[in-house]
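Contents: one structure, followed by commentary.
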Amino acid sequence: MKRIDAHNLKYAVLNELVRQAIAEDHDKIVLDGVCGQYYIGCGIAKPVEIVVNGVPGNDLGAFMEGPTIIVNEDAQDGIGNTMSSGEIIIHGNAGDVLGYSMRGGSIFVKGDVGYRACIHMKAYKEDISPTVVIGGCAGAFMGEYMAGGTLILLGLNRDKKRLTGNYLGTGMHGGAIFVRQSVDETLCSPEVILNKPDDKDMEKILVNVKKFCSIFGYDCDKIINDEFVKITPKSKRPYGNLYIPGP
Amino acid sequence: MVEITNNQGFAISNDPKDASGCGIFGIFNTKGDLIDGSRVVSAIDIMRDRGNGLGSGYAAYGIYPEFKNYYALHLMIDDDLAKRAVEDFLERRVMVAERSGIPTRGMKNRKRPMFFVYFVLPRAQGTKAESEYMSESDADEFINKLVFFINENINGAFVISSGKNMGVFKGIGYPDEIANFFRIERYKAFCWTAHNRFPTNTPGWWGGAHPFGLLDWTVVHNGEISSYGANKRYLEMHGYKCTQKTDTEAIVYLADLIVRKHHIPIELLAKIFSAPLWEEIERMPQEQKQLYKALRIIYGRALLNGPFSILLTFKGGIMALNDRIKLRPLVVGKKDYTYYFSSEEAAIKHVCSDIKDISSPDAGEPVIARLNNEAYNVYYGVEDEED
């Protein structure tokens, strides 16, 4: 294990130190005193574990392939941007554009996330598919242009907060969003359709919610026994006829 | 149009890559407790990579208690000729209670303008006689016209702020460089805003850095106003000339026009700037629907289109606002009586490590903090007695 004190380090220096530690074959790297440094774990293609103490900067885990990143506080914008595989665990809230263009791996967020979570998330065939589980609530434009993968929104500790924002699933053309309890249909874009999850879906939800609960210490039975709503696109090409009217 | 031929002094960034995206930061204490300038400097400096060394600045409220009833004109002046022209003009138009250079340190290898502060009161009709009684709103209007006259007509001179008991400090450089230049650590204020990066779509120049100020208004802005042309023409119809070569000044003038002149509350100004979409208005209850429809019809050309997050400061208050679909980051924190506003949460945690109450406001939903009455009287007291 390697500890790195990130106090007053510029992001380029910090990320270089992380890469050096990986080159020295450390399989666990703990970063202390992180304060807004960008691109932590960016592009790393080894199954190492990176623990972040403090608030990491934007684009945490971007383009990464394999590492596990654990953030013990809140995180900022652009987490898991275009990541291919690996896992990101956030013990606080996350900012905007979580899992932007994510292609594989998984993200677990204990708290709320900002606007545009999982926009343009995509999957490749059956086996390469990203999964995102959000414990709290989400902002508007969730799942916009989503092309694949699984997004589960639990809405825990919600109080009076809105569960999702407006324009849910705008332009969505693949993958599935599962929302615990109910979805305000007026917030959904006309390109999506609401259903009850089937048994296969519930299996998928159970596996991921179980994992979520074991990470963050929730009682899984309480959560899984609630109703879930499944949001899927009506069409694979929602805007196919937008400019050129089809048949 | 004023020519900005001198003092361009572009800084050349040595960074291999420009990752910038504008950083804004603000602190506000509702009890009026003074906050050290060094705190806001260290917070905005955490977001150094959001800037590019081509502009940054600070606005501070409550910094001139000994002249709290005078308009503090912060002037940016290119040369002695311009200084003489400004001073001649001020002598004729206003009563100058005090004048001084704004304290600065040297700046290595960089051309820079001179900065002065004049504490003034309007003088009636250019006579040398003592000013006749002028209501606060007349005085504001007088100073407003004065500022626009200087910015438009006196070559090499710009008024960068003109409110009471406040001031703007800005220029070309990274936030720490500008803070060092203006000795920001010397000032204590109940309200601070800071900005990092250059004016939108313009080469960085000293007057173009944020914050932009007019009377008691200042704005720092992350983003871009796509509707600038429409906003500018609307402002011109009401006598405001956009002279700073970038979009952000339009926000200041719109606030001045709509709130000071049209007496629209600041909460509704937010709904004019970031108007709800028509389909959202359709879903509103009847009464609300009427109001929002009216605002969109009357103030359609004051709508700010495009991505932005702004901190708008005014007499005794601050408003943080996003565009209507939240295309720029904005985080708000609160601890006891202090509000924190930032582009990134890390900057807030950096200056207040044990803060718990942190959230991101929704698109178009303003977060407004105001001084309590007692504190307001301390900083702006006399005006209330005149009412």
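Would you mind giving the mean number of other chain beta-carbons within 10 Å of the Cβ of each residue in B:323-332, as a whole number?
4
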Using a 10 angstrom cutoff on alpha carbons, build the Gaussian network for chain A and name the most mobile of A:Ile50, A:Ile128, A:Ile152.
A:Ile128
The range A:96-122: which residues show an accessible-area loss of 30 Å² or more, assembly versus chain alone, 1.4 Å probe?
A:Asp96, A:Tyr115, A:Arg116
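Provide the buried accessible surface between chains B and A in square angstrom, both chains summed, 1.4 Å probe, rounded to the nearest 100. Don't jump to the answer; show the numbers that get you there.
Working: alone 16030 and 11850 Å², together 26090 Å².
Result for this pair: about 1800 Å² buried.
Could you work out the relative contact order of chain B, using alpha carbon pairs under 8 angstrom and six or more residues apart, expressed as a whole percent?
On the way: 894 pairs, mean separation 90.7, N = 387.
This gives 23 percent for chain B.
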Chain A, Gaussian network, Cα under 10 Å: of A:Asn166, A:Asn225, A:Asn208, the residue fluctuating most is A:Asn225
Any chance you could list P(r) for the range B:126-242, counting all Cα-Cα pairs in 5 angstrom bins from zero, rounded to whole %?
2, 9, 15, 21, 20, 15, 9, 5, 2, 0
Ranking A:Glu144, A:Glu65, A:Glu49 from most to least accessible area with a 1.4 Å probe gives A:Glu65, A:Glu49, A:Glu144
Please list, short to long, the whole-number percent of alpha-carbon pairs of the range B:316-376 in consecutive 10 angstrom bins beginning at zero.
22, 49, 27, 2
Can you compute the FRET efficiency between B:Ser100 and B:His263 using 1/(1 + (r/R0)^6), with r the Cβ-Cβ distance and R0 = 41 Å? Round to the nearest 0.05.
0.70
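Calculate, for the range B:138-259, the solvent-accessible area per residue in square angstrom, rolling a 1.4 angstrom probe over the heavy atoms of the protein chains.
Details: 2990 Å² over 122 residues.
Computed with neighbouring chains in place, this is 24 Å² per residue.
Find the percent of Cα-Cα distances in chain B that exceed 26 Å, and round it to a whole number. Please report the intermediate quantities before stating the final value.
Details: 36831 of 74691 pairs.
It works out to 49 percent of all Cα pairs.
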Modelled label reach - B:Lys335, point 7 Å along Cα→Cβ, the range B:346-374 residues with backbone N closer than 14 Å:
B:346-359
Where N is the number of residues in the range B:282-333, Cα Rg divided by 2.2 N^0.38 Å
1.39
Chain B - charge dipole about Cα centre, Lys and Arg +1 at Cβ, Asp and Glu -1, debye rounded to 20:
820 debye
Surface/4 of the Cα convex hull for the range A:156-213, nm²:
4.8 nm²
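Using Cα-Cα distances under 8 Å and only pairs 6 or more residues apart, what relative contact order does chain A have, in percent?
Numbers: 730 pairs, mean separation 24.9, N = 247.
The value is 10 percent.
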So, in Å, what gap is there between the alpha-carbon centers of the range B:305-381 and the range A:18-41?
32 Å
Rg (Å, one decimal) plus Dmax (Å, integer) for the alpha carbons of the range A:72-172?
12.2, 39
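Ratio of Rg to Rh for the range A:1-141, alpha carbon only, Kirkwood?
Values: Rg = 13.9 Å, Rh = 14.5 Å.
Computed over Cα atoms, the ratio is 0.96.
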Hey, with R₀ at 30 Å, roughly what FRET efficiency would A:Glu185 and B:Gln290 work out to, going by the Cβ-Cβ distance, to 0.05?
0.70
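Can you sort B:His263, A:His26, B:His350 by solvent-accessible area, 1.4 Å probe, largest first? List each step's numbers first, then the result.
Numbers: B:His263 145, A:His26 50, B:His350 80 Å².
So, going from the largest accessible area down, we get B:His263, B:His350, A:His26.
Counting alpha carbon pairs within less than 8 Å and at least 6 residues apart, what relative contact order, in whole percent, applies to the range A:46-183? Each step should come with its number before you reach the end.
On the way: 484 pairs, mean separation 21.6, N = 138.
The value is 16 percent.
For the range B:241-387, what Kirkwood radius comes out of the mean inverse Cα-Cα distance, in Å? The partial results should precede the final answer.
Numbers: mean 1/r = 0.0589 Å⁻¹.
Here the Kirkwood hydrodynamic radius works out to 17.0 Å.
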If we count GluC sites (Glu not before Pro) as exposed when they sit in a DSSP loop and have at most 13 other beta carbons within 10 Å, what is the longest stretch of chain B that avoids them all?
B:133-387
Expressed in µm² per second, the diffusion coefficient of the range A:181-247 from the Stokes-Einstein equation, with Rh the Kirkwood radius over alpha carbon pairs, at 10 °C and 1.306 mPa s, is 110 µm²/s
If I model a spin label as a point 7 Å beyond the Cα along the Cα-Cβ vector, how far apart are those points for B:Asn155 and A:Asn8 in nm?
4.8 nm
Given a 10 angstrom Cα cut-off, can you work out which residue in A:Lys204, A:Lys160, A:Lys222 is the most mobile in a GNM of chain A?
A:Lys160
For B:Lys335, give me every one of the aspartates and glutamates with a C-alpha distance below 16 angstrom, ignoring sequence neighbours fewer than eight places off in its own chain.
B:Asp33, B:Glu345, B:Asp354, B:Asp357
If you restrict to DSSP beta bridges whose two residues both lie in the protein assembly as shown, what percentage is antiparallel, to the nearest 5?
70 percent
Return the lysines within reach of A:Lys211: Cα separation strictly under 18 angstrom, same-chain partners fewer than 8 residues apart disregarded; answer none if there are no such residues.
A:Lys110, A:Lys200, A:Lys222
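Taking the Cα centre as origin and putting +1 on Lys and Arg beta-carbons and -1 on Asp and Glu beta-carbons, what dipole magnitude results for the protein assembly as shown, to the nearest 20 debye? The partial results should precede the final answer.
Details: 72 positive and 80 negative charges, 193 e Å.
In total the dipole reaches around 920 debye.
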Taking 7 Å along the Cα-to-C-beta vector as the label spot, tell me the A:Lys200-B:Arg301 distance in nanometres, rounded to one decimal.
5.9 nm
Fully extended, how many nm does the chain gain between B:Asp354 and B:Arg233 (0.36 nm per residue separation, minus their Cα-Cα distance)?
38.9 nm
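Calculate the dipole size of the range B:127-202 relative to its Cα centre from +1 charges on Lys and Arg beta carbons and -1 charges on Asp and Glu beta carbons; express the result in debye to the nearest 20.
Details: 8 positive and 10 negative charges, 80 e Å.
Dipole about the Cα centre, nearest 20: 380 debye.
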At q = 0.17, 0.23 1/Å the base-10 log of I(q)/I(0) from the Debye formula over the alpha-carbon atoms of the range A:1-70 is -0.48, -0.94
Antiparallel DSSP beta bridges within chain A, percent to nearest 5:
20 percent
Along the Cα→Cβ direction, 7 angstrom out, place labels at B:Lys108 and B:Lys31. What is the inter-label distance in nm?
4.2 nm
The ratio Rg/Rh over the Cα atoms of the range B:157-316, Rh being the Kirkwood inverse mean 1/r radius, stands at 1.00
Report the Rg/Rh value for the range B:29-107, based on alpha-carbon coordinates and the Kirkwood definition of Rh.
1.03
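How much of the calculated P(r) for the protein assembly as shown lies past 50 Å, in percent of all Cα pairs?
Value for the protein assembly as shown (Cα pairs over 50 Å): 16 percent.
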Dipole axis of the range A:152-247 (+1 Lys, Arg; -1 Asp, Glu on Cβ), positive-most option in A:Asn166, A:Val183, A:Ile205:
A:Asn166
re the range B:78-194: pairs of Cα atoms spaced beyond 17 Å account for a percent value of 61 percent
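The values are calculated or read from the model by the stated rules, or taken from the named source; none is laboratory data. As the structure is a computational prediction, the values presented were derived from the model and not from experiment. Methodologically, a virtual Cβ is constructed for each residue, glycine included, from the backbone with ideal geometry; neighbour enumeration extends over all protein chains shown. Surface accessibility is based on the protein's heavy atoms, side chains included, excluding ligands, DNA and RNA. Shrake-Rupley method; radii C 1.70, N 1.55, O 1.52, S 1.80 Å.
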